[in-house]
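Since the structure comes first, as structure tokens, the remarks are kept for the end.
Values quoted throughout were computed directly from the atomic coordinates according to the rules given, and no laboratory measurement underlies them. As the structure is a computational prediction, the values presented were derived from the model and not from experiment. Ideal geometry is used to build each Cβ from the backbone, glycine not excepted, and the neighbour counts take in all protein chains shown.
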Amino acid sequence: MQILFIIISAITLVSAVLVVSVRNLFHAALYMMLSFLGVAALYALLESGFMAATQLLVYIGAISILVIFAIMMTRRLMQTTESPFNSQWGMSGFVSASLFVLIGAIVLQVYPLDPAVAGGAPPAEELVTNTVNQLGVAFTSADQLVLPFELASVLLLVALVGSIIIARPDVEAEVEDES
Amino acid sequence: MIPLSWYLIVSACLFCIGLYGVMARRNAVAMLMAVELTLNAVNINLIAFWRYNNPGEPIGVAWAIFVLTVAAAEAAVGLALIISIYRQRDSVVAEELDILKY
């Protein structure tokens, strides 16, 4: 289990580094899909099959394809001559690294790193089935999560309509051109 | 037997890589991809805490699903904005987008 975790994490993190450093944006999008796949495997290791499946569907299925479409529709992105980083990349690296050290120090203060000391996850019977059942009940019960659930659907609808309106070409200008 | 801290460290590392991408990349689409990485890191944290501390209640997974929903909406609107900007300015390099400045 531990070796599996280390391999999956290594794949996820290495491909994430490649996402932010590779010159060709299309390759970056492919590495991003690999990184998402690693995160889905981490969900599976955490016995959250529902989240793993959702990750595959939403991130790898939808968001990656959206990003690849955006890359293909903006022509100059594929150009590989100029540097992919702006002038503040050194400072950004310093800030990110120190944030990582800070978070790591806090985590290690609270949760021990040694598996013999910390132990694994608590045992849970039939976790995958139970979780899906509980989620379904929680999302439809009036005293639980039904309001956030409906708000999320409204948010998705608004985002969909909004992105269509933002991204479509200027209709008035086209009408003037034709007349 | 995987301790909780391992998940938290991996998640922190993924978050910082994404943060670096947002701050250092010149291209707006690349910045959006880095934002997706950070949102994934947050979700790993949520699911790990749920599994280790409170696997009987589905609230941790529900949070993660809401984060996922907002991430999908953000990606759609963000990419639409980038395409719209590309139509007007013929560029998606974040430094060259200074319409609001003057």
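Table for the structure above
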quantity: Centroid-to-centroid separation of segment A:98-166 and segment A:1-70 [C-alpha atoms, Å]; calculated: 17 Å
quantity: Hull-based mean projected area of the protein assembly as shown, where the convex hull spans the alpha carbons, in square nanometres; calculated: 17.8 nm²
quantity: Note, ³J(HN,Hα) from phi for segment A:49-66, Karplus 6.51, -1.76, 1.60, rounded to Hz, x at Gly and Pro; calculated: x, 5, 5, 4, 5, 5, 4, 4, 5, 7, 6, 6, x, 9, 5, 4, 5, 4
quantity: FRET efficiency for A:Met91 and B:Asp98, using Cβ-Cβ distance with R0 set to 22 Å, rounded to 0.05; calculated: 0.60
quantity: Chain A: angle of helix A:89-110 to the longest principal axis, Cα-based, in degrees nearest 10; calculated: 30 degrees
quantity: Contour minus Cα-Cα distance for A:Leu102 and A:Met72 (0.36 nm per residue); calculated: 7.0 nm
quantity: Segments A:8-21, A:28-41, A:141-154 sorted - mean Cβ within 10 Å per residue, highest first; calculated: A:28-41, A:8-21, A:141-154
quantity: J(HN,Hα) series, segment B:22-34, from Karplus relation 6.51 cos²θ - 1.76 cosθ + 1.60, nearest Hz, glycine and proline x; calculated: 5, 7, 9, 6, 8, 8, 5, 5, 5, 5, 4, 4, 5
quantity: FRET E, pair A:Ser153, A:Ala116, Förster distance 35 Å, beta-carbon r, rounded to 0.05; calculated: 0.15
quantity: With Cα atoms, 0 to 90° folded angle of helix A:2-21 axis to chain A main axis; calculated: 20 degrees
quantity: Segment A:1-79: C-alpha gyration tensor shape, a/c 1.5 cut-off, then a/b vs b/c; calculated: oblate
quantity: Extension gain (nm, one decimal) between A:Glu126 and A:Gln2, 0.36 nm per residue minus Cα-Cα; calculated: 42.5 nm
